[in-house]
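What follows is one structure encoded as structure tokens, with my remarks underneath.
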Amino acid sequence: MIKEDIGFREAGKFEETRFEKIHNVIFESSQEASLLVAREIANLIQRKSELNEPCVLGLATGSSPVKVYEELVRMHKEEGLSFAGVVTFNLDEYYPMDKNDIQSYYHFMHEHLFNHVNIHPENINIPDGQVSAEDLQQYCIDYEMKIISYGGLDFQLLGIGRTGHIGFNEPGSHVNSGTRSITLDHITRVDAASSFLGIDNVPRKAITMGIGTVRNAKRIVLLGWGISKAGIIKKTIEGEISSQVPATYLQEHHNTTFVLDTEASSELTRVKTPWLVKSCVWTDELKLKAVAWLSELTKKPFLKLTDKDYNDNGMSSLLTEEGTAYDLNIKMFNKMQQTITGWPGGKPNADDTYRPERSVPEKKRVIIFSPHPDDDVISMGGTFDRLIEQGHEVHVAYQTSGNIAVSNEEALKFAEISKALHPDSRMSDKIIEFLQNRTGNEIDSLEVRKLKGLIRRSESFGATRYLGLPDSNVHFLDLPFYETGTVKKNNLSDADIDIMSDIIERLKPHQIYAAGDLADPHGTHKVCLDSLFEALKRLKHKDFMNDCWVWLYRGAWHEWESYQIDMAVPMSPDQVLKKRHAIFYHQSQKDGVMFQGDDSREFWVRVEDRNRLTAEKYHSLGLADYSAIEAFKRYHF
């Protein structure tokens with residue numbers, strides 16, 4: 001079959017189980033997977049060219065296929081891959097939508113692929129978001145018939161939405177549906193809100209290829225990246241076919257592969273609970289994962305689990321290896337207990353054999369990397385406070401300016417204050433005029449971006465001063481990849497990595513804290529984390545790095561699973577309130593924040609709930625009862 005061309009079974013992890021109804025492969029990273037998908041597409045283009053036949057591709061938009069398109073462009077430029085015989089049909093487009101709008105899929109496809117390869121313009125087919133309402137139905141019929149005239153799609157590339165939609169085929173779509181107009185689900189519009197700078201700007205309708213159109217493709221590859229897709233991926237691959245999860249219709253397609261990264265696959269039965277589908281090699285991490293799962297399933301703390309609990313839930317092999325439930329329970333209880341510490345920088349003059357951090361040096365140099373100018377207090381405000389109180393030399397480094405997340409209304413308010421204080425200020429006049437006359441497609445001017453960045457910067461100083469951190473220990477890195485003025489950012493560059501490397505080498509930290517939250521809906525956290533990892537690669541041979549430990553926190557989007565946590569820092573009720581007040585200094589991000597993902601709660605509410613739930617999870621496992629816990633996972637570089 002075609003799917004063997006790129007060696008999916010060899011390159012990715014695939015094990016067929018009774019739970020899974022769609023072929024899928026798992027890769028360590030979306031980057032690696034994207035390269036292989038691009039290679040399959042390139043091989044198909046070349047084979048069709050040799051047969052002197054057009055290669056008909058169905059293409060998707062969104063963040064998932066970006067790396068695939070980048071690799072196809074590279075192969076065109078460096079390996080001579082020709083698109084002269086390629087005909088493309090895009091899945092969908094918002095309606096109404098001007099093709100020149102930066103949010104249009106016409107703009108997306110030309111920016112990421114078509115402007116960089118030798119495809120003939122007449123071979124590019126993208127639904128027209130400007131067709132009149134009177135002509136829309138006939139237009140959709142004609143689009144469908146044009147696909148049929150080419151003999152259907154040779155290859156269809158897909159992403160997947162949180163509702164299980166493919167293209168814009170929302171829940172309720174019929175299995176035989178063709179190209180048509182559709183009303184978008186509220187969740188779909190929420191997910192798109194960041195690109196449109198608010199849900200009110202997201203169109204309510206779209207034009208999409210139908211489920212039937214997609215299922216007629218000879219080959220389908222669906223890309224799934226990130227923890228936010230894990231739940232719907234499980235429903236799609238393991239659930240029953242349902243119009244409420246349109247992607248499940250792909251279970252009946254003869255040549256479909258889901259290509260996943262580790263996080264997107266994390267809820268699959270063979271990944272989350274592999275002991276239910278096969279014999280396991282019981283590593284220490286897997287043992288803890290299994291016992292925590294069993295504790296949650298049976299609603300029993302670790303120390304009350306019995307031999308029968310293990311045997312009844314597919315874990316007899318673990319007991320065979322460990323001896324008795326009693327011995328295993330105590331071992332896993334101790335392992336979780338040892339993650340808890342009120343001394344995140346290490347407890348002075350204490351035996352640190354079973355503590356998450358070293359006792360020496362007593363006073364450590366610490367860098368807290370914060371992707372945006374509020375992630376530090378949102379994600380680890382209690383630990384931040386405790387590190388300062390316990391006398392460590394704490395530095396916070398804000399990796400981006402965060403200017404894109406400041407609303408125009410907020411910026412106008414500050415510009416008008418500046419104008420009132422300095423009536424002759426031409427800069428204030430310029431900013432006010434721009435903001436009052438700004439169109440929906442217009443990128444913020446440099447002056448506006450600077451003002452918005454200064455708003456975020458002043459809020460950061462307010463929070464750090466409240467926690468008692470000297471201004472000299474606050475660093476604004478303004479990584480260049482972020483400074484585009486749009487939601488879409490540039491790729492990570494040497495300039496970004498240089499800035500990260502410089503501050504680490506200058507401060508020579510004993511601890512680094514960084515955001516490991518890859519569920520960030522607009523990707524800045526991922527790029528910021530990559531910049532740290534690349535800097536660590538450069539610096540790891542330096543002597544001072546032998547004493548540097550890296551701790552990853554997660555932000556407002558997601559929390560570490562209990563078995564993943566290496567350090568758990570409890571907070572008292574007073575510390576919870578102090579953390580809340582530190583977050584409140586970031587006033588521009590309260591009351592209708594622009595980038596809040598799929599959760600309508602404010603950041604301080606959701607993070608307090610998350611910290612409380614982490615504490616409750618620890619207590620349910622039989623450990624001490626705390627008001628809240630911040631969790632960290634150690635990264636070994």
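The values are calculated or read from the model by the stated rules, or taken from the named source; none is laboratory data. Computed from a predicted model, the values in this text were never measured in an experiment. Heads up, the Cβs are rebuilt from the backbone with ideal geometry, glycines too, and the neighbour counts pull from every protein chain shown. Calculation scope for accessible area: heavy atoms of the full protein, side chains included, ligands and nucleic acids excluded. Shrake-Rupley method; radii C 1.70, N 1.55, O 1.52, S 1.80 Å.
Data overview
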quantity	calculated
Residue 338-residue 362 pseudo-label distance in nm [points 7 Å out on the Cα-to-Cβ vector]	2.6
Listed peptides 624-633, 299-308, 256-265 by packing density, highest first (mean Cβ within 10 Å)	256-265, 624-633, 299-308
Region 231-376 - Kirkwood radius from inverse mean 1/r over Cα pairs (Å)	19.1
Using alpha carbons only: equivalent-ellipsoid semi-axes of the chain, gyration tensor based, whole Å	42, 35, 22
Protection-proxy order for peptides 391-402, 49-60, each taking the mean of Cβ atoms within 10 Å per residue, highest first	391-402, 49-60
Stretchable slack from residue 32 to residue 176, in nm (0.36 nm times residue separation minus alpha-carbon distance)	48.4 nm
Region 389-505, relative contact order in percent, only Cα pairs under 8 angstrom and at least six apart counted	38
Share of carbon and sulfur in the accessible heavy-atom surface of region 140-186 [1.4 Å probe, %]	56
Heavy-atom surface of the chain, accessible at 1.4 Å and reported per residue (Å²)	42
Relative contact order %, the chain, counting alpha carbon pairs below 8 Å whose residues are six or more apart	12
Nearest-0.05 FRET efficiency for residue 508 and residue 436, computed from C-beta distance (R0 41 Å)	0.25
Under 27 Å from the Cα of residue 347 - lysines, other chains or at least 8 residues apart	331, 335, 363, 364, 508, 540, 542, 578, 579, 617, 633
Helix-only mean residue ellipticity at 222 nm for the chain, each DSSP H run of n ≥ 4 adding -39500 (n - 2.57), per residue, nearest 500	-12000 deg cm²/dmol
Residues in region 367-407 reached by a label modelled at residue 425 [backbone nitrogen below 11 Å; 7 Å Cα→Cβ]	none
Theoretical FRET efficiency, 1/(1+(r/R0)^6), r = Cβ-Cβ of residue 546 and residue 601, R0 51 Å, to 0.05	0.75
Calculated FRET efficiency for the pair residue 240/residue 580, C-beta based, R₀ 51 Å, to 0.05	0.75
